[in-house]
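*Asks:* What follows is a structure written as structure tokens; I'll ask about it next.
The values are calculated or read from the model by the stated rules, or taken from the named source; none is laboratory data. Please read these numbers as outputs of a predicted model, since none were measured by experiment. Don't worry about glycine lacking a Cβ; one is built from the backbone with ideal geometry, like all the others, and counts go over all protein chains shown. Heavy atoms of the whole protein, side chains included, go into the accessibility calculation; ligands, DNA and RNA do not. Shrake-Rupley method; radii C 1.70, N 1.55, O 1.52, S 1.80 Å.
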Amino acid sequence: MPVLVTGLQPTAEIHLGNYLGAIRSWTVLQRRTESFFFLADLHALTTAPEPEKLRAHTLDCAAMLLACGIDPNFAHIFVQSQVHGHTDLAWFLSCWTSLGQLERMTQFKDKAARREDGFVGAGLLYYPVLMAADILLYGANLVPVGEDQRQHLELTRDLAIRFNGAHPDTFPVPEPFYPENCARVMSLQNPTAKMSKSDPNRAGVLFLSDDDGTIRKKIRSAVTDSGRELRSGPDKPGISNLLQILAALTEEPVAQLERRYGDSSYGEFKGAVAEAAVAAIGPIREKYFALKCQRDYLLDVLAEGRRATQARADVTLAAVRDRLGLL
Ligand code: AMP
Ligand code: TRP
């Protein structure tokens with residue numbers, strides 16, 4: 001079976017962008033691959049989270065992955081920092097990574113520019129190398145992610161190819177997998193920026209834990225564009241985003257939705273988007289709150305994931321150490 005690896009940062013609650021852009025496709029792919037899903041808490045450290053919040057979010061995100069349909073009977077679910085080897089391999093790979101390529105990463109440039117106190121930790125620069133290590137440690141063939149991770153995946157492929165050039169057949173070269181629609185869900189309040197966990201404006205982000213009233217309210221107050229035409233296009237980022245969200249939720253093509261809602265007002269159209277979101281998020285939210293109370297069960301799932309995963313990481317690490325000449 002092909003090996004699938006992907007991760008999610010437990011920096012905050014999971015939102016609709018994470019679900020439509022990533023997790024939903026993971027639930028399908030887990031049945032056709034050997035899947036490794038992990039909570040990227042080491043990556044989350046680059047945002048300097050409060051320790052208690054990081055701990056709580058890590059467990060909550062595990063509950064949410066299960067609520068979304070990730071199934072421990074099919075997949076390995078674990079916490080990145082609990083498996084030894086991610087940081088070791090990241091160090092080895094960093095010696096094969098060009099500083100220029102890291103400095104050119106748009107995510108690094110964006111995040112560095114947004115640091116309010118002006119402090120840019122080296123971890124932020126190093127972030128994509130750790131991500132490459134996460135992927136190569138398990139010999140991934142397939143990495144399903146949202147569009148925002150494209151550059152990081154390219155770096156991972158470059159590193160695998162460069163390393164294999166010196167040490168043949170060490171790593172499979174992984175293929176990215178982007179969901180067909182909704183690889184990039186935008187903020188409801190600022191439709192030119194992606195919906196993001198770190199957005200301080202919570203009104204722009206639909207969390208999977210939001211209640212029905214909050215979902216309806218957030219969609220009703222989503223920023224739309226001037227004019228009345230209901231169509232997608234670069235001049236209409238707000239309506240395009242809502243159309244894309246509705247298309248992903250109902251699995252109906254955007255063009256068909258444009259025809260169906262062509263004569264509707266923005267208000268009527270938003271009502272339809274809100275009901276589709278309530279129908280999709282409601283059952284996930286119920287499962288999530290039920291699982292959130294089962295702390296011991298969640299810890300057991302993560303312990304089992306760690307056990308199975310550690311054995312795999314050890315094999316790769318031993319091979320890489322050997323090839324590098326470490327005693
Ligand atoms: P993160 O929230 O950065 O840990 O992302 C977890 C997964 O969700 C990754 O595969 C991202 O590419 C994906 N993702 C995050 N934000 C969005 C978004 N606004 N639209 C689509 N996919 C997203
Ligand atoms: N950087 C990814 C994100 O923010 C999370 C992540 C960390 C990841 N390691 C990974 C995704 C390895 C895929 C594979 O979305």
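*Asks:* Tell me which residues, restricted to region 106-120, are within 16 Å of ligand 2 (Cβ to nearest atom) and in contact with a Lys or Arg (Cβ under 9 Å, 6 or more places away or on another chain).
*Replies:* If the condition is that a residue be within 16 Å of ligand 2 (Cβ to nearest atom) and in contact with a Lys or Arg (Cβ under 9 Å, 6 or more places away or on another chain), then no residue fits.
*Asks:* Take ALA303 and tell me if it is over 20 Å from PHE207 (Cα atoms) and assigned to a helix (DSSP H, G or I).
*Replies:* yes
*Asks:* Is it true that LEU20 is in contact (Cβ under 8 Å) with a residue 60 or more places away in the chain and surrounded by fewer than 24 Cβ atoms within 10 Å (Cβ to Cβ)?
*Replies:* No, not satisfied.
*Asks:* Quick check on region 194-213: of everything there that is within 15 Å of ligand 2 (Cβ to nearest atom) and open to solvent by 30 Å² or more (accessible area, probe 1.4 Å), which residue is modelled with the highest pLDDT?
*Replies:* Selected residue: LYS194.
*Asks:* Moving to a separate point now. What residue, of ASP322, ASP296, is exposed (fewer than 13 other Cβ atoms within 10 Å of the Cβ), free of Cβ contacts under 8 Å to residues at least 12 places away in the same chain and within 17 Å of VAL79 (Cα to Cα)?
*Replies:* Sole residue among the options that is exposed (fewer than 13 other Cβ atoms within 10 Å of the Cβ), free of Cβ contacts under 8 Å to residues at least 12 places away in the same chain and within 17 Å of VAL79 (Cα to Cα): ASP296.
*Asks:* I would also like to ask the following. So which of ASP314, ASP235, ASP211, ASP225 ends up being closer than 30 Å to ASP88 by Cα and among the acidic types (Asp, Glu)?
*Replies:* ASP314 is the lone residue from the list that is closer than 30 Å to ASP88 by Cα and among the acidic types (Asp, Glu).
Let's see how each residue does on (1) in the same structural domain as GLY282 (by TED's automatic domain parsing); (2) closer than 22 Å to GLY7 by Cα; (3) in contact (Cβ under 8 Å) with a residue 40 or more places away in the chain:
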{"residue": "ASN190", "(1), (2), (3)": "no, no, no"}
{"residue": "LYS197", "(1), (2), (3)": "no, yes, yes"}
{"residue": "ASP210", "(1), (2), (3)": "yes, no, yes"}
{"residue": "ILE219", "(1), (2), (3)": "yes, no, yes"}
{"residue": "SER226", "(1), (2), (3)": "yes, no, no"}
{"residue": "VAL254", "(1), (2), (3)": "yes, no, yes"}
{"residue": "ASP263", "(1), (2), (3)": "yes, no, no"}
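*Asks:* Here's something else I'd like to know. Restricting to region 148-194, give me the number of residues that are part of a helix (DSSP H, G or I) and either within 20 Å of GLN9 (Cα to Cα) or out of contact with any strand residue (DSSP E or B) (no Cβ under 9 Å at 6 or more places or on another chain) (or both).
*Replies:* Count: 18.
Here's the yes/no breakdown for (1) of a type in the set (Gly, Ala, Ser); (2) touching a helix residue (DSSP H, G or I) at 6+ places or on another chain (Cβ under 9 Å); (3) within 30 Å of TYR138 (Cα to Cα):
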{"site": "HIS167", "(1), (2), (3)": "no, yes, yes"}
{"site": "TYR178", "(1), (2), (3)": "no, yes, yes"}
{"site": "LEU206", "(1), (2), (3)": "no, yes, no"}
{"site": "ASP225", "(1), (2), (3)": "no, yes, no"}
{"site": "LEU242", "(1), (2), (3)": "no, yes, no"}
{"site": "GLU251", "(1), (2), (3)": "no, no, no"}
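*Asks:* Please enumerate the residues belonging to region 127-165 that are of a type in the set (Gly, Ala, Ser), open to solvent by 10 Å² or more (accessible area, probe 1.4 Å) and under 14 Å from GLY85 (Cβ atoms).
*Replies:* The one that is of a type in the set (Gly, Ala, Ser), open to solvent by 10 Å² or more (accessible area, probe 1.4 Å) and under 14 Å from GLY85 (Cβ atoms): GLY139.
*Asks:* What's the total number of residues in region 17-35 that are more than 8 Å from ligand 1 (Cβ to nearest atom), touching a strand residue (DSSP E or B) at 6+ places or on another chain (Cβ under 9 Å) and among the hydrophobic types (A, V, I, L, M, F, W, C)?
*Replies:* Matching residues across region 17-35 total 2.
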